[in-house]
1. Residues to consider are 28, 63, 52; find the one that is surrounded by 14 or more Cβ atoms within 10 Å (Cβ to Cβ), at pLDDT 90 or above and not assigned by TED's automatic domain parsing to the domain that holds residue 143.
2. Considering each of 160, 151, 115 in turn, give the residue that is surrounded by 11 or more Cβ atoms within 10 Å (Cβ to Cβ), free of Cβ contacts under 8 Å to residues at least 24 places away in the same chain and outside the structural domain of residue 14 (by TED's automatic domain parsing).
3. Under 6 Å between Cβ atoms, which residue pairs at least 6 apart in sequence (or on different chains) link something in segment 3-29 that is at positive phi with a partner that is exposed (fewer than 12 other Cβ atoms within 10 Å of the Cβ)?
4. Consider residue 81 carefully, then state whether it is more than 18 Å from the chain's Cα centre (by Cα) and either surrounded by fewer than 16 Cβ atoms within 10 Å (Cβ to Cβ) or under 30 Å from residue 181 (Cβ atoms) (or both).
5. When you look at residue 100, is it touching a residue at least 40 places away in the same chain (Cβ under 8 Å) and touching a helix residue (DSSP H, G or I) at 6+ places or on another chain (Cβ under 6 Å), yes or no?
6. Looking only at strands (runs of 3 or more DSSP E) that lie completely in segment 135-185, which have at least 3 residues being within 20 Å of the chain's Cα centre (by Cα)?
7. Consider residue 95 carefully, then state whether it is under 18 Å from the mean Cα position of the chain (by Cα) and either surrounded by 13 or more Cβ atoms within 10 Å (Cβ to Cβ) or in the same structural domain as residue 146 (by TED's automatic domain parsing) (or both).
8. Restricting to segment 163-192, and then to whatever is modelled with pLDDT under 75 and surrounded by 11 or more Cβ atoms within 10 Å (Cβ to Cβ), can you tell me which residue is nearest to residue 127 (Cα to Cα)?
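The values are calculated or read from the model by the stated rules, or taken from the named source; none is laboratory data. Note that the structure is predicted; figures quoted are calculated from it, not measured. Cβ atoms come from the backbone with ideal geometry, glycine included; neighbour counts cover every protein chain shown.
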């Protein structure tokens, strides 16, 4: 598959004010770092090129060629390591690129794709998912877009740990093996929900009473100190 090419330029100025200025002019600030880069390289590219990264913004499963066009013509291979968003405006504000070398293993995050949700639902179960992506180590060209989790045979009460996940050939999952990925639980009833809410309300009242008691003690101490000063 042909790698997408993103035209970028190095930027000399950094900081929030500069980043804000760039966004107003239609550019997106970025940075390139990696194992072979001593200091991160601040970059910028035109926001009109975002479509090139559409399949790479949420995960680093696709290698991108960064084409430097600022007078120092060069090309570097990278993946998207992170993307910061302005959720209110629905805009990408900054992107972190990680330089890769073909043939050298890297560590990155891969999302989990849940299969068999309908089967779990038919058995009266609810999926409680704690882990949505795992860290993996592999060659850049072997990064999977996701790791499948098939829950078709799961019953209520079953749980899945990281060590139970099946990674593709050449991919090693490095997240702690005993970490719980998800559990299939029974849906909470209205009565249980009411009891839970009542318990929370009681706990909140107890905290409020304790806080009032502490404030009262502090006030008494302050009054006692004032009396001593008058004496």
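1. 28
2. Details: 151 fails: free of Cβ contacts under 8 Å to residues at least 24 places away in the same chain; 115 fails: free of Cβ contacts under 8 Å to residues at least 24 places away in the same chain.
Being surrounded by 11 or more Cβ atoms within 10 Å (Cβ to Cβ), free of Cβ contacts under 8 Å to residues at least 24 places away in the same chain and outside the structural domain of residue 14 (by TED's automatic domain parsing) holds for just one of 160, 151, 115, which is 160.
3. Nothing qualifies.
4. When the stated conditions are applied, residue 81 does not pass them.
5. yes
6. In segment 135-185, 147-150, 180-185 are the strands (runs of 3 or more DSSP E) which contain 3 or more residues that are within 20 Å of the chain's Cα centre (by Cα).
7. yes
8. 188
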